[in-house]
Amino acid sequence: MPHSGNSADGVSRRAALRRMGGAIMVAAAVTTGLPSPARAAAPPARGAGPRVESLLGRLTLDEKLTFLHGADDPHDLGQAGYVPGVPRLGIPPLRLADGPAGVRVTKHATALPAPVLLAATFDPALARRYGEVIGREGRALGQDVLLSPMVNLIRTPYAGRNFETFSEDPLLSADMVTEEIRGIQGQGLIATVKHFALNNQEKNRTSVDVRADEQTMHELELRGFEAAVAAGAGSVMGSYNKVDGTYACENKQLLGDILRDRWHFAGWVMTDWYAAHTTVAAMAAGLDMEMPGEQAFGAALKKAVKDGTVPEAQVDAAVRRILTVMDRFGLLAAKPPPRPGRDAAAGAAVALDIAKAGATLLHNRNRTLPLPAHASVAVIGPTGYVPFVSGGGSAHVVPDHAESPYQAIKSRMRQGGSVGYALGADIYGRALPGGALAPAADLEERTVPAGRTWTYEGNLTVDEDDAWTFAVHYSGERPEVVLDGTELFPKLPGSAEHFSGGLVAVAPDGLTVRRASRTLAAGRHTLEITAKGGAEGQTFRLRRVTGATRADDVAAAVRAARGADHVVLFAYEDATEGTDRTSLALPDHQEALITAVARANPRTTVVLNSSSAITMPWLDEVGAVLQMYYPGQEGAAATAAVLYGDVDPGGRLTQTFPTSEDTHPMSGDPRRYPGVNKVEEYSEGIHLGHRWYAAQNVEPLFPFGHGLSYTTFAYEELAARWTGRALDVEFTVRNTGSRAGIAVPQVYVGPSPDLDVDQAVRVLGGYRRLALDAGERRRVTVRVTPRTLSSWDTGRHDWVLGTGRRTVWLGASAGDLRGSTDVTVGQRKGK
Ligand code: BGC
């Protein structure tokens, strides 16, 4: 069994503890049954309503300024932001809470699956339900504004926030964000689409200057934002990075020309946290609100108004935009809409449905899955016992509960079956070996009273040359641990210090965990520790994983694997905002564990709780790979349901998985990623994600759109026709297997011969998630909208329809195309 305290209850406790403080013409409907953004869709933000104008006329300058920056909440509910309102005029405060996978406040909320898993369902209707849960809970938990959804594209597999967003594909992202926003706002909570724009990595996120050409920007990253605006998002959050030399939060091209003038965005723009830099330039560019406090706005803005460098009309315009959204949501009414109660059971049901629907089966040799209910199973891996609920940083939610996958599998066992557990990989460490410290000291559970400091100076003696991983667990300020004169756990750059991962960075009892690996030579090493009690006292422990403990864990896992019919090995990768990953490999010797276990038992299924793409040099050794990402509070039940075939794994990859670190769009070009001298060039242009693999003819490990079912499907009778308004692609999908299952047929479209611009080999034109019984066939029409068929013309600064003869493919993924046909786009019927 794993360390004591690894209980489902422990999960909620630790979660509670770690909370810290141009459009072309048509918007026709049908790619996925959704309207696509059209310039004409949103009315210009001119005249605010009479209520807003009347309030504006009565506000003093000081009162107006309070709307334009965050403040401390006198009745803090643990949310990220607060704007006080003006009680004298009956204007209520605004409370602004993260985030992408549920409402992040001090209280419990439904921890939904990570957005990347939601997108894996390829089902915008589920995004609506996801949004509805967050919308209702946000209102119920005292919030007015949600700091989500995030719609930045997955550009680099290393980006720390890939789990918080949807996809590398602009169409899929746009469809998801549209429906999620409708869901959130339909419940009365104001949605904030973020981070505008080109915030596609965490490395140097507050300083990197992104250079993307106009066509690339409009066709890729901006599409989701435009869809969010068309869906009526009340607010937009500017990103940390610069775009073309100017910080996004004071970038006139982004906030003025694109957001307001082109898209007619009628809501307000806030900064990301601490992302305001200037007063005058930011106001002139169209920034409305600084978060979370007052640096560039507030007193500095008042001074600028007084000395005439900022016209008061700009202040009025910003306040008007905020009040107009508040009015639209009924918040200025004499009787604002009542707050609903939470419906935790309904939230849990949606979390479960989506986690099941997004489960993505990447590999299944010899039908390793589904598991027979009567088999003996060895569950292996730390996340097989402690559930990996959510990612770190602002995406973290305090879940209502979270079951251990081990327990969920156990409860699924039928007569004759049995389930065992082996840790396999130790993420929290074991006590330092007795006698290794001179002078002796107990570093397993030390408490330091408030106001006191505890120090240690001595030696650590190591018996043999070995690779050590030290883990410090602490409750207050991180203790200094200096080994051979060097700090083991140095301060992380920027905000990375405050954002820790979802699982590995918190011990089951709630203590924060930092880890450091060192190769130690046999002999004596100096060790100095300084732990401060601070204001509230400190509890800490220093632990280790060594070659010997690692070998013990692997040997126990191999024994368990040998003794069982099947193995379910849970592997993790713990990502968080604030830092990017440095490798696509599974961390912490997990690759060796997987290989050893799979060699002992080839009926090994690897369940992945990873944020994004990982490399799998061990793939040929294992029987099956099930990608569950960070599956939320119902992840254990969903995983068990898919493992045992209660439901078909209906998820598909929303990003391409590369074979290696050398074979993806960012490989070998630091100017592309992570940038050189803090300048990052999107020189892959419009060939992002699956488009790059097609353009370069590079075989990925798993292509975009890939995901296996427990049954098989045939794709037949493909036909495509230009209706005069859109491209209708018709085909038949037939379940050729003996059980019900989920098919996600995808339509891809080739370039137009009439356009003299760079075009993708294939773009995703549309898709449809279908549940088909054994033997069932269904005729489907996927409508490809003119926007998807258009390119951005940098000469006209507008969209241009890609007319002429174009190829349409139908496939099960970007790499599994089953048929194609040619069609002429732009020719009217009868011509
Ligand atoms: C993140 C935002 C988040 C904000 C408030 C920032 O560091 O980038 O996504 O909404 O913090 O928590």
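The values are calculated or read from the model by the stated rules, or taken from the named source; none is laboratory data. For clarity, every value in this text was computed on a predicted model and none was experimentally measured. Ideal geometry is used to build each Cβ from the backbone, glycine not excepted, and the neighbour counts take in all protein chains shown. To get the accessible areas, we keep the full protein, side chains included, count just its heavy atoms, and leave off ligands, DNA and RNA. Shrake-Rupley method; radii C 1.70, N 1.55, O 1.52, S 1.80 Å.
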Counted charge near Arg769, where neighbours are those whose Cβ lies closer than 10 Å (Asp, Glu -1; Lys, Arg +1): +1
Gyration tensor verdict on region 312-388 (Cα atoms; rounded if a/c is under 1.5, prolate if a/b is larger than b/c, oblate otherwise): prolate
Per-residue SASA entry for Lys532, accessible area with 1.4 Å probe, Å² rounded to 10: 90
Solvent-accessible area of His566 with every protein chain in place, 1.4 Å probe, in Å² to the nearest 10: 20
Accessible area of Arg518 in the full protein assembly, 1.4 Å probe (Å², nearest 10): 80
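Give me the net charge of Gln538's neighbourhood, meaning all other residues with Cβ under 10 Å from the Cβ of Gln538; Lys, Arg count +1, Asp, Glu -1.
Numbers: positive: Arg446, Arg452, Arg478, Lys532; negative: Glu477, Glu536.
Net of charged neighbours comes to +2.
At 1.4 Å probe size, put Leu112, Leu432 in order of accessible surface, largest to smallest.
Values: Leu112 0, Leu432 30 Å².
These residues rank, largest area first, as Leu432, Leu112.
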Ala771/Asp662 FRET efficiency (R0 45 Å; Cβ-Cβ; nearest 0.05): 0.70
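What is the ratio of the Cα radius of gyration of the chain to 2.2 N^0.38 Å, with N the residue count, to two decimals?
On the way: Rg = 27.0 Å, N = 831, 2.2 N^0.38 = 28.3 Å.
So the Cα radius of gyration is 0.96 times the expected 2.2 N^0.38 Å.
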Partners for Lys532 among aspartates and glutamates (Cα-Cα distance below 16 Å; same-chain residues under 8 apart left out): Glu445, Glu457, Glu477, Glu480, Glu487
Region 596-656: C-alpha gyration tensor shape, a/c 1.5 cut-off, then a/b vs b/c: oblate
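Could you please report the charge total around Phe388, scoring K, R as +1 and D, E as -1 over all other residues with beta-carbon less than 11 angstrom from its beta-carbon? Present the calculation step by step, with values, prior to reporting the outcome.
Details: positive: none; negative: Glu573, Asp574.
Local charge sum for Phe388: -2.
Exceeding 21 Å between C-alpha atoms, which entries from my cross-link table qualify? They are Lys107/Lys356; Lys107/Lys203; Lys194/Lys252; Lys64/Lys303; Lys107/Lys335; Lys194/Lys242.
Values: Lys107/Lys356 26 Å; Lys107/Lys203 31 Å; Lys194/Lys252 17 Å; Lys64/Lys303 14 Å; Lys107/Lys335 26 Å; Lys194/Lys242 15 Å.
Going by Cα-Cα distance, Lys107/Lys356; Lys107/Lys203; Lys107/Lys335 fall outside the 21 Å limit.
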Average accessible area per residue (Å²) across the chain - probe 1.4 Å, nucleic acids and ligands excluded: 34
Contact order normalised by residue count of region 713-825, Cα under 8 Å, 6+ apart, percent: 31
Rounded, prolate or oblate (a/c below 1.5 giving rounded, otherwise prolate when a/b exceeds b/c) for region 48-138 by Cα gyration tensor: prolate
Exposure rank, largest accessible area first [Lys306, Lys203; 1.4 Å]: Lys306, Lys203
Whole-percent pair-distance distribution, where bins are 10 Å wide, for the alpha carbons of region 430-548: 13, 46, 34, 7, 0
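Could you sort Glu403, Glu63 by accessible area so the largest value comes first, with the probe set to 1.4 Å?
Glu403, Glu63
Hey, got a sec? Which trypsin sites (Lys or Arg not before Pro) in region 751-827 land in a DSSP loop and have at most 14 other Cβ atoms within 10 Å?
Values: sites: Arg762, Arg768, Arg769, Arg777, Arg778, Arg779, Arg783, Arg787, Arg796, Arg805, Arg806, Arg818; in loops: Arg762, Arg768, Arg769, Arg787, Arg796.
Passing both the DSSP loop test and the Cβ count: Arg796.
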For region 147-288, the fraction of alpha-carbon pairs in successive 10 Å shells from zero, as %: 13, 47, 35, 5
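If you take the C-alpha gyration tensor of region 713-825, multiply each eigenvalue by 5 and take the square root, what semi-axes do you get, largest first, in whole Å? Present the calculation step by step, with values, prior to reporting the outcome.
Details: eigenvalues 179, 29, 25 Å².
Ellipsoid semi-axes (Å, largest first): 30, 12, 11.
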